[in-house]
Amino acid sequence: MAANSTGAVFLAVLRRDLLIGLRHRSELFNPLVFFFIVVTMFVLALGPYENTLRQVAPAVIWVAALLASTLSLDMMFHSDLDDGSLEQFLLSPHPLIIIVIAKIMAHWLLTAAPLIVAALFLGQMVYLPQTALMPLLLTLLLGTPVLSLVGAVLAALTVGLRGSGILLTLLILPLYIPVLIFSVATVDNAVKGLAFTGELYFLGAMLALAATLAPFATASSLRVRFG
Amino acid sequence: MNSFSANALTCIRNDVVLFSGLGFRLDGGDILQIQGPNGSGKTSLLRILCGLALPDAGSVLWNEKNIQDHRQDYFKEMSYIGHVNGIKMELTALENLTIAGALSGTNNGFTPLETLAKMGLAEYENTPARKLSSGQRRRLALARLLVTDTRLWILDEPLTSLDDYGRQLMRDMISAQAAGNGITVLATHDPVDIQQHKITMINL
């Protein structure tokens, strides 16, 4: 009889969710395709005018990325609830928060990480200047984990409810607004050649806050709802 | 010696009292079978016993300690197999069992591969659970009992969709659990047919 370590549980759940994600190709590519389509539609609708596109580029990329990342949020705990895996998580002697952190990290790796890579290419399409590319990358790296973390809390609160998809979207978008504002402001300033570190610090603070509080809130929501 | 007891449990669902004042006491080696018609509260009782749901009144004690106050200690010693299997269709049988082993608090020294062989799933370790038959999925769910070393099993309809061989396997597992001073609580309509051990019955 040997005890399993908490670290092993974290890695096992992370590996499990990544495997499931990678075997569900369509769900993996859905947000990515959505992201491409939204940005492309904007470019087609606004016309090939470098100055117009450059002005709206940060907003277009961030709004598209934000909407794309909400697409997959609903699925975070949904299938686990349906097939009884969630019960097994709740009945594990290991802290639920470790399992939750692993699931959030897997969600970020599967949905946001591809978006970040794609954003670098789409930046070219909307004439984002080279100097703004690095700030865009930084805002995405700091901002998208906040989206996954805050999203997890609401996904846990709404999983299993009738019409949870639309409810989740309505609840989550207001919470995403601070991330959107500071991210777009950062990239905007970079495009205009202004200082942008202040906004980045705010994003970093939001990430620190979300990373410390959201896993607890998610675990508690699941406990409150399912025992 | 472990003990598992329920004191004056009451469960109310949708304004209907499913059961009230229900109590029992089990010691190591005991088997408890819960019977009752559909909708009589078998699953509700099991979910209360495993700590997933709270009773409307009463308490569940493991080694004389309330399970709600000592959740982690209790979950280390308890395995619950619900009527849904808790397996991932996208993962192979082996991957499913590996994650189950990692989530449990203890392991009994058998590798997931050996456990699959014991459950008659030896050739299926790399088969996605989606491609298994429903009986095989049930066996895979029940295999979780063998990767851990828990002293209390709570099983909801464990024999569902199992064939004769699978049912015999399950009976042998419960017998072995009782012989090893473990406790089993199961809800099932079918007679359990274990001669070596006395089975306590509760009719809801």
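A few comments on the model shown:
- The calculated pair-distance distribution of the stretch A:101-164 uses every alpha carbon pair, bins of 5 angstrom beginning at 0, and gives 4, 16, 22, 18, 14, 11, 8, 5, 2, 0 percent.
- Electrostatic bookkeeping for B:R139 treats Lys and Arg as +1 and Asp and Glu as -1; over the other residues with beta carbon under 12 Å from its beta carbon, the sum is +4.
- Derived scalar couplings between HN and Hα for the stretch A:88-94 equal 5, 4, 5, 8, 6, x, 7 Hz in order, rounded to whole Hz, by the Karplus curve 6.51 cos²θ - 1.76 cosθ + 1.60 (θ = phi - 60°), x for Gly and Pro.
- Compactness of the protein assembly as shown, taken as the C-alpha radius of gyration over 2.2 N^0.38 Å, stands at 1.15.
- Exposure proxy order (Cβ contacts within 10 Å, fewest to most) of B:Y74, A:Y201: A:Y201, B:Y74
- Tilt relative to chain A, helix A:6-23 - C-alpha long axis, 0 to 90 degrees, to 10: 60 degrees
- Look at the alpha carbon pairs under 8 Å that are at least 6 residues apart: their mean separation over the length of chain B gives a relative contact order of 30 percent.
- Value of relative contact order over chain A, rounded to a whole percent, pairs C-alpha under 8 Å and six or more apart: 27 percent
- Using distinct alpha-carbon pairs, which all enter the 1/r mean, Kirkwood radius of chain A in Å: 18.3 Å
- Using the Stokes-Einstein relation with a Kirkwood hydrodynamic radius computed over Cα pairs, the translational diffusion coefficient of the stretch B:74-156 at 37 °C and a viscosity of 0.692 mPa s comes to 263 µm²/s.
- Distance between the modelled labels on A:A208 and B:M201, one decimal in nanometres: 6.5 nm (7 Å Cα→Cβ projection).
- Between the stretch A:72-112 and the stretch B:113-173, the C-alpha centres lie 24 angstrom from each other.
- Taken over the protein assembly as shown, lysine pairs spaced eight or more positions apart, or on distinct chains, with alpha carbons under 27 Å apart number 16.
- Across the stretch A:189-199, rounded Karplus estimates of 3J(HN,Hα) from the backbone phi angles (6.51 cos²θ - 1.76 cosθ + 1.60, θ = phi - 60°) give 4, 5, 4, 7, x, 9, 6, 10, 5, x, 5 Hz, Gly and Pro being marked x.
- Mean separation of Cα contacts under 8 Å (6+ apart) over length of the stretch B:121-204, as relative contact order %: 29 percent
- The Kirkwood radius of chain B, taken over pairs of alpha-carbon atoms, gives through the Stokes-Einstein law at 37 °C and 0.692 mPa s a diffusion coefficient of 190 µm² s⁻¹.
- Whole-Hz couplings from phi, Karplus 6.51/-1.76/1.60, listed for the stretch A:216-222; x for Gly and Pro: 4, 4, 5, 4, 5, 4, 5
- Normalised by 2.2 N^0.38 Å, where N is the number of residues, the C-alpha radius of gyration of the stretch A:145-227 stands at 1.31.
- Ordered by the count of other Cβ atoms within 10 Å of each Cβ, fewest first, B:V16, A:V13 give B:V16, A:V13.
- Scanning residues 5 or more positions from B:G29 or on other chains, those with amide H under 5 Å from its amide H are B:N181, B:G182, B:I183, with H placed 1.01 Å from N in the peptide plane.
Every read-out reported here was derived from the displayed coordinates using simple, explicitly stated rules and does not represent laboratory data. These figures come from a predicted structure and were not determined experimentally. Glycine gets a Cβ as well: all are built from the backbone with ideal geometry, and neighbour counts include every protein chain shown.
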